[in-house]
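Asks: Quick one: the structure is below, questions incoming.
The values are calculated or read from the model by the stated rules, or taken from the named source; none is laboratory data. Computed from a predicted structure; not experimentally measured. We place every Cβ from the backbone using ideal geometry, glycine too, and count neighbours over all the protein chains shown. Only protein heavy atoms, including side chains, enter the accessible area calculation; ligands, DNA and RNA are left aside. Shrake-Rupley method; radii C 1.70, N 1.55, O 1.52, S 1.80 Å.
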Amino acid sequence: MFSLLPSENKDTKVWEMDHFPARFQFVIFRNWNRIPLEHLANVLHTSSTQIAVEAERLGLAEYNAQCCSQYLKYGYLTIIRDNWHLLNYEQLLHLLGFSEEKLYRILMEDDFMFCKMGSGKPFCPEVYWHELSPAEVQETAEIRSVIAPLTAAHGKEYEFDFLETLKKAAPPLEQGAKNDHLRMAYCYCAVFGDSLMPGAPDPFPEGVLALYQAAGVNALWHPVLLASLVPWTGDEDYSENYQLRQESLRRMCAKLARYGIKLFLSVNEPRFFTPEIAKRHPEWLGPPNEDNSGTFAVCINHPEVAERLENGFADLLRAVPELGGFMTITMSENLTHCLSRYQKEGCPRCAALPDASANVIKVLECIANGIKKADSDADLIAWNWGWLPPWDLEVVKKMPPEAILMCVSETGVETDCYGIKGSIIDYSIAHPGPGKVARRLWDFAKANNRKCLAKVQLNATWELSSLPYIPVPQLVKKHIDNLAAEGINDFVVSWTLGGFPGGNIKLLECSVARWCENISTEYATQIEKACEYFSDGFSLFPFNDATLIYCGPQNFGCANLLYAAPSGRHSTMVGFPFDDVKAWCYNWHYPREIMERAFNEMCAKWQFGLEILEKIAPANSDNPAFQELYDMAEAGFCILQSSANQIMFYNQRDVGHDEKIMAELIRDEERLARRMLKVQQRDSRIGFEASNHYMYGENTLLEKILNCRNLLKKYSE
């Protein structure tokens, strides 16, 4: 039926939960005040009036068309995720109002969305509205009695309300925080997808730029596809509207310049070809994508590909000379050149190469040559993401001399969780760097007269990704000081998460004591002590490899549903944790009891810090900075304690079989979901992350409450 979208897997078991009596109620509940009434009515084959009736029956909040408008612009990834196991493709497209082409582009290009969804669409039977039976009406009334009081909160923030604050124009500072060192972030509220077309949400609101300027941030990065900006492949239709995007870039560069900020483009080129473009250029192709999407690698060692890529970057810089430069990933983030996924077969030019170094160097040379052709002073940042020893040293030695080497600081940091050793892959705030990987490459680069910078996460990591910042200033400052001792003073301070223009970023220019004084001069000592508990607790985070940080419950916290019986589903990268405890325990690298202990001791220390803040909260009731810190701390505790509860619950379900313990854990999960709901209703930033949109919101937290109450009935029978 669909020519682009991968087929639904009809061999998968249909996702089933029973905390609503009718399946259509899941659709209404999860999409209320996110999807317009008429879209919901179209999907469920009924009227808008009937949808409103059903929502009122469930106790949902008053309909808010503005929220729906915001969600379709800024929260479409949340909608896709929350309906992935409920609706088939046809109903999902009707729900979003998207074409097949638009949904395909989002799944394939919006930061690994298809991978986050499990690299496959599960089979979903069509969902229709139907009249409820008397028993279903009674059960729905019981649901309403729980939900209605929780949605009637006065003065609450709705999801995305924080955008209105950030959009408010603010004049540039005449004496902005000047810094000779690079301080680059991802804009906190920028949608990761194609934001350069007219009508797309503005990725750089004036208000947020003023906050970045005040925090000393002097560069922002933004992801692009080169083909969307210049027709480097020669296919005008593949680069449709590229002139409009170039014009948007020029306007954005001028806008950022008023705040002393440069714009860098994150590039991962030459990006794989879609099946249609692959048919036009068969001589350029490398191996097919392993995900069976029909896409192909593009051979950088084909002379015409290299020349066109070089000219493409030159043409872009001639069209937008104000660009600050490019931040490159040359391995594994997306399929690009033939060896970008370490495949050795599939290309006659690359199959005999001993490793990927020649391809990586070639890509960097093409970009550097393009910069020179355009007579530009744009910078080229070469990220070592995916490079492997020993050939990574060959890249550093032979890459263009003007290229700046960027390494993730924490990679290779050794961890110890109650005697079980591990090491960091990806990012960590709990375990400050630099690690042995970065040190080794930086030392070699300095010896070869190369410039170096650190890729760090100061505000948030996948350890606790849904907060604007994790209130652990002692850990963050330790990392900054460690890097200064290594002679590293230039930073990219965030991936798509952690770009909030405040929080821990301010520690680049001040001490922990001053950071606390900026929150409250009178109570700075107590705040510092509370944050010391948070930092000490967070340092216990069990970290080895990357499965927990991507697949664990801590990214969704209190909103992750509980399953009375094993779901049989595998967790996915920042998508669905399910009940996959094996993955959460790093495929049993850490035993169940070790994970329980680590999370519980983390929470115990975090609780000590919260108690300190609670004592001084009345005296700071009119202090917005203190309230922000308190909300971050309380939300962080709720997420970590919920993660601990979920680990313990499944350990009992699968091994211990103590139903009294399980029942108490379920009750605590409901309490935490209610507590988290109040925090999010105070601060709409909580739950949001730019490349995943809302990981949880009012609807999902309310659903967790119902899920818990439904499970308790089972254990009381």
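Asks: What value, in deg cm²/dmol to 500, does the helix sum -39500 (n - 2.57) over DSSP H runs of n ≥ 4 give at 222 nm once divided by the residues of the chain?
Replies: Working: 27 runs with 324 residues, N = 717.
After summing the helix terms and dividing by residue count, I get -14000 deg cm²/dmol.
Asks: Another question, then. How about segment 308-354: which GluC sites (Glu not before Pro) there are in a DSSP loop, with at most 14 other Cβ atoms within 10 Å of their Cβ? If you can, show how the numbers build up before the last one.
Replies: Values: sites: Glu310, Glu322, Glu333, Glu345; in loops: Glu322, Glu333, Glu345.
Of the GluC sites (Glu not before Pro), the ones in loops of segment 308-354 whose Cβ has at most 14 other Cβ atoms within 10 Å are Glu345.
Asks: I'd like the carbon and sulfur percentage of the solvent accessible area for the chain, probe radius 1.4 Å, heavy atoms only, ligands and nucleic acids excluded.
Replies: Numbers: 13440 of 26380 Å².
Carbon and sulfur together cover 51 percent of it.
Asks: Still on this structure: If I compute semi-axes √(5λ) of the Cα gyration tensor in Å from the structure I just sent, which labelled value in [x] 55, 37, 21; [y] 39, 31, 26; [z] 45, 35, 21 lines up?
Replies: From the options [x] 55, 37, 21; [y] 39, 31, 26; [z] 45, 35, 21, the structure gives [y].
Asks: Follow-up. Ordering Tyr104, Tyr128 by accessible area with a probe of 1.4 Å, largest first, what comes out? Please report the intermediate quantities before stating the final value.
Replies: Values: Tyr104 25, Tyr128 115 Å².
If we order Tyr104, Tyr128 from most to least accessible, we get Tyr128, Tyr104.
Asks: Once amide H atoms are placed 1.01 Å from N in the peptide plane, what residues at a sequence separation of 5 or more from Tyr586, or on another chain, have their amide H within under 5 Å of its amide H?
Replies: The list, which skips near neighbours in sequence, is Leu548.
Asks: In vacuum, with every alpha carbon of segment 263-331 counted as one equal point scatterer, what does the Debye formula give for log10 I(q)/I(0) at q = 0.24 Å⁻¹? Two decimals, please.
Replies: Log10 I(q)/I(0), no solvent term: -1.09.
Asks: Count charges around Gly609 for me, please; just the other residues with Cβ under 12 Å from its Cβ, Lys/Arg as +1, Asp/Glu as -1. If you can, show how the numbers build up before the last one.
Replies: Numbers: positive: Lys529, Lys605, Lys615; negative: Glu528, Glu532, Asp536, Glu611, Glu614, Glu634.
Here the count lands on -3.
Asks: Given 0.36 nm per residue, what is the gain on full extension from Glu307 to Ser47 after removing their alpha carbon distance, in nm?
Replies: Values: separation 260, 0.36 × 260 = 93.60 nm, distance 5.65 nm.
Value of the extension gain: 87.9 nm.
Asks: Same structure, new question: Only bridges with both residues in the chain count here: give the DSSP antiparallel percent, nearest 5. Provide the component values of the computation, followed by the final result.
Replies: On the way: 9 of 41 bridges.
The antiparallel proportion sits near 20 percent.
Asks: Under the rule of at least 5 residues apart or a separate chain, name every residue whose amide H is placed under 5 Å from the amide H of Asn289.
Replies: Amide H to amide H, under 5 Å and 5 or more residues apart or across chains, Asn289 pairs with Gly294, Thr295, Phe296, Ala297.
Asks: Related question: Work from the charge dipole of the chain (Cβ charges, +1 for Lys and Arg, -1 for Asp and Glu, about the Cα centre) and give the residue of Ala306, Asn459, Asn710 farthest towards its positive end.
Replies: Ala306
Asks: How much accessible surface area, in Å² rounded to 10, belongs to the heavy atoms of Thr700 with a 1.4 Å probe?
Replies: Accessible area of Thr700: about 20 Å².
Asks: Loop-only check: which GluC sites (Glu not before Pro) in segment 7-115 are DSSP coil with at most 13 other Cβ within 10 angstrom?
Replies: Values: sites: Glu8, Glu16, Glu38, Glu54, Glu56, Glu62, Glu90, Glu100, Glu101, Glu109; in loops: Glu16, Glu62.
Sites meeting the loop and neighbour criteria: Glu16, Glu62.
Asks: While we're here: Can you give the net charge of the other residues whose Cβ lies under 14 Å from the Cβ of Arg682, counting K and R as +1 and D and E as -1?
Replies: Details: positive: Lys156, Arg674, Arg675, Lys678, Arg685; negative: Glu157, Glu159, Asp161, Glu628, Asp631, Glu634, Asp683, Glu698.
Once positives and negatives cancel, what remains is -3.
Asks: Could you give the radius of gyration (one decimal) and Dmax (whole number) of the Cα atoms in segment 522-594, in Å?
Replies: 15.7, 53
Asks: Okay, next question. Give me a comma-separated list of calculated 3J(HN,Hα) values for segment 28-43, in order, Karplus coefficients 6.51, -1.76, 1.60 applied at θ = phi - 60°, integers in Hz, x for any Gly or Pro.
Replies: Values, residue by residue: 5, 4, 6, 10, 5, 6, 10, 10, x, 3, 5, 5, 4, 5, 5, 5 Hz.
Asks: Dipole magnitude of segment 504-661 about its Cα centre, charges +1 at Lys/Arg Cβ and -1 at Asp/Glu Cβ only, in debye to the nearest 20?
Replies: Values: 11 positive and 21 negative charges, 85 e Å.
Computed about the Cα centre, the dipole is about 400 debye.
Asks: Just want the answer: with Cβ charges of +1 for Lys and Arg and -1 for Asp and Glu, which residue in Ala219, Gly155, Met252 is farthest toward the dipole's positive end in segment 114-260?
Replies: Toward the positive end, the furthest listed residue is Ala219.
Asks: How fast does segment 132-288 diffuse by Stokes-Einstein, in µm²/s, taking the Kirkwood radius from C-alpha pairs at 10 °C and 1.306 mPa s?
Replies: 81 µm²/s
Asks: In straight Cα distance, which aspartates and glutamates are under 13 Å from Lys373, not counting same-chain residues fewer than 8 positions off?
Replies: Partners within reach: Glu307, Glu310, Asp315, Glu365.
Asks: Quick one: 3J(HN,Hα) in Hz for segment 52-63, Karplus 6.51/-1.76/1.60 with θ = phi - 60°, rounded, Gly and Pro as x.
Replies: So the J values, rounded to whole Hz, are 4, 4, 5, 5, 5, 4, 7, x, 6, 5, 4, 4.
Asks: Kirkwood Rh, Cα Rg: Rg to Rh for segment 301-379? List each step's numbers first, then the result.
Replies: Working: Rg = 13.6 Å, Rh = 13.3 Å.
Result for segment 301-379 is an Rg/Rh of 1.02.
Asks: Now a separate question. Please list, in order along segment 509-514, the HN-Hα scalar couplings obtained from phi with the Karplus expression 6.51 cos²θ - 1.76 cosθ + 1.60 (θ = phi - 60°), rounded to whole Hz, x for Gly and Pro.
Replies: 10, 8, 7, 4, 4, 5
Asks: Still on this structure, please answer the following. Skip the ligands, DNA and RNA, and give the accessible area per residue of segment 269-409 with a 1.4 Å probe, whole Å². Show your work: numbers first, answer last.
Replies: Values: 5250 Å² over 141 residues.
Per-residue accessible area for segment 269-409 comes out at 37 Å².
Asks: Report the accessible area of Met648, computed with a 1.4 Å probe over the heavy atoms of all protein chains in place, in Å² rounded to the nearest 10.
Replies: Probe radius 1.4 Å; accessible area of Met648 about 40 Å².
Asks: Further question on the same structure: Over segment 1-107, one equal point on each Cα, no solvent: what is log10 I(q)/I(0) by the Debye formula at q = 0.13, 0.15 Å⁻¹?
Replies: -0.48, -0.64
Asks: Now for a different question. Relative contact order, percent, of segment 550-606 when contacts are C-alpha pairs under 8 Å separated by at least 6 residues? Can you show the working numbers first?
Replies: On the way: 47 pairs, mean separation 16.8, N = 57.
Value for segment 550-606: 29 percent.
Asks: What does the convex hull of the Cα atoms of segment 84-219 come to per residue, in Å³, rounded to a whole number?
Replies: Details: hull volume 26.5 nm³, N = 136.
It comes to 195 Å³ per residue, whole-number rounded.
Asks: When only alpha-carbon atoms count, how far does segment 379-475 stretch along each of its three principal axes, as whole angstroms with the largest first?
Replies: Projected onto its principal axes, the Cα set of segment 379-475 covers 40, 32, 21 Å.
Asks: Now for a different question. Roughly how big is segment 235-316's charge dipole about its Cα centre, with Cβ charges of +1 (Lys, Arg) and -1 (Asp, Glu), in debye to the nearest 20?
Replies: On the way: 10 positive and 14 negative charges, 145 e Å.
Rounded to the nearest 20 debye, it is 700 debye.
Asks: Additional query: When only Cα pairs under 8 Å and 6 or more residues apart are kept, what is the percent relative contact order across the chain?
Replies: Numbers: 1306 pairs, mean separation 86.1, N = 717.
For the chain, the relative contact order is 12 percent.
Asks: Just to verify a number: FRET efficiency for Asp622 and Asp11, C-beta to C-beta distance, R0 = 51 Å, to 0.05? Before the final figure, lay out each step's value.
Replies: Numbers: r = 59 Å, r/R0 = 1.15.
Rounded to the nearest 0.05, the efficiency is 0.30.
Asks: Okay, next question. Heavy atoms of the protein only, probe of 1.4 Å, neighbouring chains included. What is the accessible area of Tyr238 in Å², nearest 10?
Replies: Surface open to solvent at Tyr238 totals about 70 Å².
Asks: Hey, if you put +1 on the Cβ of every Lys and Arg and -1 on every Asp and Glu Cβ in segment 620-690, which of Gly687, Ala663, Asn623 ends up farthest toward the positive end of that dipole?
Replies: Of the candidates, Ala663 comes out farthest on the positive side.
Asks: Further, regarding this structure: Starting from the residue with the highest accessible area, list Ser691, Ser133 in decreasing order, probe 1.4 Å.
Replies: Numbers: Ser691 0, Ser133 45 Å².
Descending order: Ser133, Ser691.
Asks: Could you list, in their original order, any pairs among Lys605/Lys704; Lys372/Lys446; Lys156/Lys506; Lys398/Lys455; Lys116/Lys398 whose Cα atoms are separated by more than 31 Å? It would help to have the intermediate numbers written out before the result.
Replies: Values: Lys605/Lys704 26 Å; Lys372/Lys446 24 Å; Lys156/Lys506 28 Å; Lys398/Lys455 21 Å; Lys116/Lys398 35 Å.
Too far apart for the 31 Å limit: Lys116/Lys398.
Asks: On a straight-distance basis, which aspartates and glutamates could pair with Lys421 in a cross-link, Cα separation under 12 angstrom, same-chain partners fewer than 8 positions away excluded?
Replies: Once the sequence-local aspartates and glutamates are set aside, what remains near Lys421 is Asp545.
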